[in-house]
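Engineer: Can you read through this structure? Questions will come right after.
The values are calculated or read from the model by the stated rules, or taken from the named source; none is laboratory data. Keep in mind the model is a prediction, meaning the values are calculated, not measured. Here Cβ is always computed from backbone atoms with ideal geometry, including for glycine, and neighbour counts include all displayed protein chains. Please note that ligands, DNA and RNA were not included when accessible areas were found on the heavy atoms of the full protein model with its side chains. Shrake-Rupley method; radii C 1.70, N 1.55, O 1.52, S 1.80 Å.
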Amino acid sequence: MIEFERFWAFALLPLPLGAWLLLAPLPARRALRIPTGVWRHLGALSGTQGGGRIARGAVPRGLGWLALVTALAGPFSEAAPLLKPSGRDVMIAIDLSASMAEQMKGQDGAPVRQADIVRQMLRDFIVSRQGDRIGLIGFASEAYLVVPLGFDTQAAAAVLDELGIGLPGRRTDIGQAIGLAVQAFRREPAGQKVLLIVSDGEANAGSIAAIDAARIAAADGIVMHIVGFADRIDKSNSEFLRTIAAETGGRYFEAVSATALDAAHQAIGDLVPANRKVSPLTRDWSWAPLALALAALAWIVWLEGRDP
């Protein structure tokens with residue numbers, strides 16, 4: 001879509017007409033008097049009648065003036081921003097165990113399911129990661145790769161609404177989620193690898209020891225940040241999650257309210273900074289009306305040379 005940087009320039013369009021109407025006519029004593037018969041004879045010889053030559057010249061002159069004003073207005077169009085890939089892969093593992101369906105107070109004080117608050121936080125986090133490759137894992141008793149790593153952050157954010165609580169099981173096995181993330185990262189090119197786990201803080205199931213999985217992740221260069229989110233988190237669970245996050249050089253954040261979860265989101269954003277916003281690319285179209293103005297000028301010159 002074509003836009004104009006200086007739309008006010010179109011106010012200049014009636015300027016030639018205003019000048020023609022307002023400027024005083026040439027004084028009679030300075031005008032060259034041509035007899036009517038001679039004027040008609042000259043018109044017949046040139047193939048025009050009266051002001052035909054002026055009428056023919058009005059079209060290219062008007063077209064040229066319109067083109068010049070349009071060029072002055074600065075026409076441009078916006079293209080999609082070109083984002084440079086960050087070289088960072090971010091896998092997000094969201095707890096879908098039955099306990100995530102419990103309600104707690106939202107930021108407005110109304111009762112909201114924990115899972116819905118988490119979805120909103122993750123949605124904001126994901127759409128801000130332009131240039132990162134984002135993947136999504138849903139886990140409970142089992143872990144599933146829901147969205148493979150890719151640059152389409154909007155698609156990854158949209159999938160959050162389709163994740164059903166309790167579908168992967170009713171208990172929480174963080175070790176499964178870590179192990180699946182390690183496998184997913186190993187299939188991708190080398191780069192910065194970040195695993196973000198959001199859970200209710202419970203770890204009550206597991207065929208893979210979470211601490212062992214964390215050590216494997218650390219050996220593969222994966223940094224893991226964990227957010228424990230619930231009305232109340234058992235102290236032993238908090239220490240457990242803090243320990244496995246520290247194994248990879250990451251951090252544990254405990255959030256017992258929607259406000260605290262938002263603070264954790266901001267802190268993780270500082271630890272894993274998103275790419276700087278890139279201004280949209282613009283394409284300047286001023287050359288097109290300028291070319292049209294030159295064509296109109298050539299038309300005028302041709303008309304002047306054609307009529308003696």
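Engineer: Here's a check for you: in region 157-183, which residue that is assigned to a helix (DSSP H, G or I) and acidic (Asp, Glu) is most open to solvent (accessible area, probe 1.4 Å)?
Structural biologist: Selected residue: Glu162.
Engineer: How many residues does region 177-200 contain that are at pLDDT 90 or above, over 14 Å from Ile94 (Cβ atoms) and among the small types (Gly, Ala, Ser)?
Structural biologist: Within region 177-200, residues that are at pLDDT 90 or above, over 14 Å from Ile94 (Cβ atoms) and among the small types (Gly, Ala, Ser) number 2.
Engineer: Could you list, in sequence order, the residues of region 217-257 that are surrounded by 21 or more Cβ atoms within 10 Å (Cβ to Cβ), part of a helix (DSSP H, G or I) and not β-branched (Val, Ile, Thr)?
Structural biologist: Matches in region 217-257: Ala217, Leu241, Ala245.
Engineer: Hey, among Ala67, Ala71, Ala19, Ala9, which residue is modelled with pLDDT under 80 and open to solvent by less than 100 Å² (accessible area, probe 1.4 Å)?
Structural biologist: Matching residue, one of Ala67, Ala71, Ala19, Ala9: Ala19.
Engineer: Please go through region 90-108 and give me each residue that is over 20 Å from Leu136 (Cα atoms), part of a loop (DSSP other than H, G, I, E, B) and open to solvent by less than 30 Å² (accessible area, probe 1.4 Å), ordered by number.
Structural biologist: Correct list: Gly106 only.
Engineer: Could I ask something else about it? If we scan region 278-285, do we find a residue that is more than 17 Å from Ala93 (Cβ to Cβ), surrounded by 14 or more Cβ atoms within 10 Å (Cβ to Cβ) and not β-branched (Val, Ile, Thr)?
Structural biologist: Within region 278-285 (the criterion being more than 17 Å from Ala93 (Cβ to Cβ), surrounded by 14 or more Cβ atoms within 10 Å (Cβ to Cβ) and not β-branched (Val, Ile, Thr)), the answer is yes, since at least one residue qualifies.
Engineer: Residue under question is Ala267, and the condition is that it be among the hydrophobic types (A, V, I, L, M, F, W, C), free of Cβ contacts under 8 Å to residues at least 24 places away in the same chain, open to solvent by less than 40 Å² (accessible area, probe 1.4 Å) and under 20 Å from Met91 (Cβ atoms); does it hold? Show your work before the answer.
Structural biologist: Details: among the hydrophobic types (A, V, I, L, M, F, W, C): yes; free of Cβ contacts under 8 Å to residues at least 24 places away in the same chain: yes; open to solvent by less than 40 Å² (accessible area, probe 1.4 Å): yes; under 20 Å from Met91 (Cβ atoms): yes.
For Ala267, the condition - among the hydrophobic types (A, V, I, L, M, F, W, C), free of Cβ contacts under 8 Å to residues at least 24 places away in the same chain, open to solvent by less than 40 Å² (accessible area, probe 1.4 Å) and under 20 Å from Met91 (Cβ atoms) - is met.
Engineer: I would also like to ask the following. Going residue by residue through region 164-171, is there one that turns out to be within 22 Å of Ser257 (Cβ to Cβ) and either out of contact with any Gly (no Cβ under 8 Å at 6 or more places or on another chain) or in contact (Cβ under 8 Å) with a residue 12 or more places away in the chain (or both)?
Structural biologist: Within region 164-171, one or more residues are within 22 Å of Ser257 (Cβ to Cβ) and either out of contact with any Gly (no Cβ under 8 Å at 6 or more places or on another chain) or in contact (Cβ under 8 Å) with a residue 12 or more places away in the chain (or both).
Engineer: Among the residues of region 109-156, write down those that are part of a strand (DSSP E or B), open to solvent by 50 Å² or more (accessible area, probe 1.4 Å) and modelled with pLDDT under 85.
Structural biologist: Pro111, Arg113
Engineer: Quick check: is even one residue across region 169-185 touching an Asp or Glu at 6+ places or on another chain (Cβ under 6 Å) and either among the acidic types (Asp, Glu) or more than 19 Å from His225 (Cα to Cα) (or both)?
Structural biologist: yes
Engineer: Now, a different point. So if I check each of Ala203, Ala218, which one is touching a Gly at 6+ places or on another chain (Cβ under 9 Å) and modelled with pLDDT under 85?
Structural biologist: Of Ala203, Ala218, the one residue that is touching a Gly at 6+ places or on another chain (Cβ under 9 Å) and modelled with pLDDT under 85 is Ala203.
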